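Structure first, commentary second.
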Amino acid sequence: MEPRQFAVADVVVADTAEHARFFREQLLVPEEKLRVVYVGAEEQLFTPASLREQDGPLEVLFYGSMLPLQGPRTIVEAARLTQGEPIRWTLLGRGPQLAECRNAAKGLANVVFEDPIPYGLLGERIHRADVLLGVFGTTEKAGRVMPNKVFQALASGRMVVTRTSAAYPDAARASEALVFVPPGDPPALAAAVRELAADRRMLTARTDAARLLFDAEFSSRVICRQLEHVLRKSAYGI
């Protein structure tokens, strides 16, 4: 699609404020035509659940298609820095960097790889983890996204560690449900997860904040309200 096709639209919908900025600066979409509608998560599949019994290592779960944007190598290198600590790093999925990650994880007893599972079982798998991981890529695009896995984790009542990004609304950046680390920074990721593993009571409190954030900012109720505003803008120019 050419830039002028965006510019002549009545309304252009972006999934984050950073993508809206990209549309404005790179695709020449007028500011007044831009609206942000978050992706959210299917609330019938991703339901909140309490943390499991805290009788083993902290499980940190990443799932995805192993793309450079997601930064799976950063996760493996962070795991290397926490060897011998009560933390298990699980990477679920397949994709371009899987072989590279498996090779980098050789000899690491604290790293587990799992095959993809049906989408309908993803919420249940999230519930078996303690902390979810977002993305850690260093590309410009990685800084413009709020990945599906973040919405799904919050809806499931799990806090998330992910890379810093202006794509997140102020309420998310201020919430205890999210921990932000610099992109492509294994020591920072390892330190953030290590802190969560060291204080399970703090982790429980931060986990409780996850669904509260989802309900307030990313629920179907909020998204419907955003879409209603988009449609009113398109139909009536208000």
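The values are calculated or read from the model by the stated rules, or taken from the named source; none is laboratory data. This structure is a prediction, so every number in the text was calculated from the model and none was measured. Cβ coordinates were reconstructed from backbone atoms using ideal geometry, including for glycine residues, and neighbour counts include every protein chain displayed. Heads up: the accessible areas ignore ligands, DNA and RNA and are worked out on the full protein's heavy atoms, side chains in. Shrake-Rupley method; radii C 1.70, N 1.55, O 1.52, S 1.80 Å.
Structure notes:
- Highest-first packing order for the peptide set 157-165, 109-117, 191-199 is 157-165, 191-199, 109-117, based on the mean count of other beta carbon atoms within 10 Å.
- Estimated translational D of the range 1-106 in µm²/s (Stokes, Kirkwood radius over Cα pairs; 25 °C; 0.890 mPa s): 140
- Reachable aspartates and glutamates from residue 141, criterion Cα separation under 12 angstrom, eight or more residues apart if same chain: 18
- Over the range 145-238, the fraction of Cα-Cα pairs per 5 Å bin, rounded to whole percents and listed from the shortest bin up, is 3, 13, 20, 21, 17, 10, 6, 5, 3, 2, 1.
- Shown is the FRET efficiency for residue 83 and residue 141, computed with R0 = 35 Å from the Cβ-Cβ distance and rounded to the nearest 0.05: 0.65.
- The residues of the range 1-93 present an accessible area of 49 Å² per residue when probed at 1.4 Å with all protein chains retained.
- Remark: spin-label model distance residue 53-residue 102 equals 3.4 nm, labels positioned 7 Å along the Cα→Cβ axis.
- Overall shape: oblate for the range 184-235, with the ratio a/c of the largest to smallest alpha carbon gyration tensor axis at 1.5 or above and b/c at least equal to a/b.
- Area accessible to solvent at residue 102, 1.4 Å probe radius, in Å²: 110
- Rounded to whole Hz, the Karplus (6.51, -1.76, 1.60) HN-Hα couplings of the range 170-175, x for glycine and proline: 4, 4, 6, 5, 8, 7
- Anisotropy class of the range 33-167 from Cα gyration tensor, a/c 1.5 cut: oblate
- Å² per residue, accessible surface of the range 98-227 at 1.4 Å: 42
- Cα-Cα pairs of the chain separated by more than 25 Å (percent): 43
- Fraction of accessible area attributable to carbon and sulfur, the chain (%, probe 1.4 Å): 53
- Cα radius of gyration and Dmax for the range 94-143 (Å): 13.4, 33
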